[in-house]
Amino acid sequence: MHKGHCNSAVVDSKLINNRGNAYLSLYQTGGVDGLLIQGNTIRTDKGTSDGIAGIFVDANRHGQQYPCRNVHIIDNITAGSGIEIAGAPGERNLIAHNRHEGAGGKIIKRTSTELKDNIGYAVEVK
């Protein structure tokens, strides 16, 4: 997990081909502009109802929203939870070709995001 503190932002970054039983999380950043999350297999024993998704991108910090742009979450496998993305304004974000194994898969959209060809997820827009 990366948790933003003072003056941090995620710019032109990649999280590729990770395997784990916890989560991939960019939490409370001061904005995201350019992030590729691809080819990861994340199997959590806690679902999003427990507070965190297996893949979580959050551009909101200290009660303020920050931009979430150009985030591509593609070709990942999740189990036990799902995917969540947050921030405003949201532009050119894409969640595509991901697969959830088992029950409880959710994609939670808290910013403008295109969804395409994801399997095994319920979608919540907040």
Which whole number of Å³ per residue matches the convex hull of the alpha-carbon atoms in the chain? 86
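Counting only DSSP beta bridges with both residues in the chain, what percent are antiparallel, rounded to the nearest 5? Numbers along the way, then the final one.
Values: 2 of 49 bridges.
In the chain, DSSP labels about 5 percent of beta bridges as antiparallel.
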Between residue 71 and residues 5 or more places away or on another chain, which pairs have amide H atoms under 5 Å apart, with H built 1.01 Å from N, and which residues are they? 34, 35, 93, 94
Carbon and sulfur: what percent of segment 18-126's accessible surface (1.4 Å probe)? 47
Residue by residue through segment 82-97, which ³J(HN,Hα) values in whole Hz follow from phi under the Karplus form 6.51 cos²θ - 1.76 cosθ + 1.60 (θ = phi - 60°), with glycine and proline marked x? x, 10, 9, 9, 8, x, 8, x, x, 9, 6, 8, 9, 10, 8, 6
Accessible solvent surface per residue of the chain, calculated while the other protein chains remain in place, 1.4 angstrom probe, Å²: 50
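The values are calculated or read from the model by the stated rules, or taken from the named source; none is laboratory data. Keep in mind that what you see is a predicted model, and the values were worked out from it rather than measured. For the accessible areas, the whole protein counts, side chains as well, though only heavy atoms, and no ligand, DNA or RNA atoms are used. Shrake-Rupley method; radii C 1.70, N 1.55, O 1.52, S 1.80 Å.
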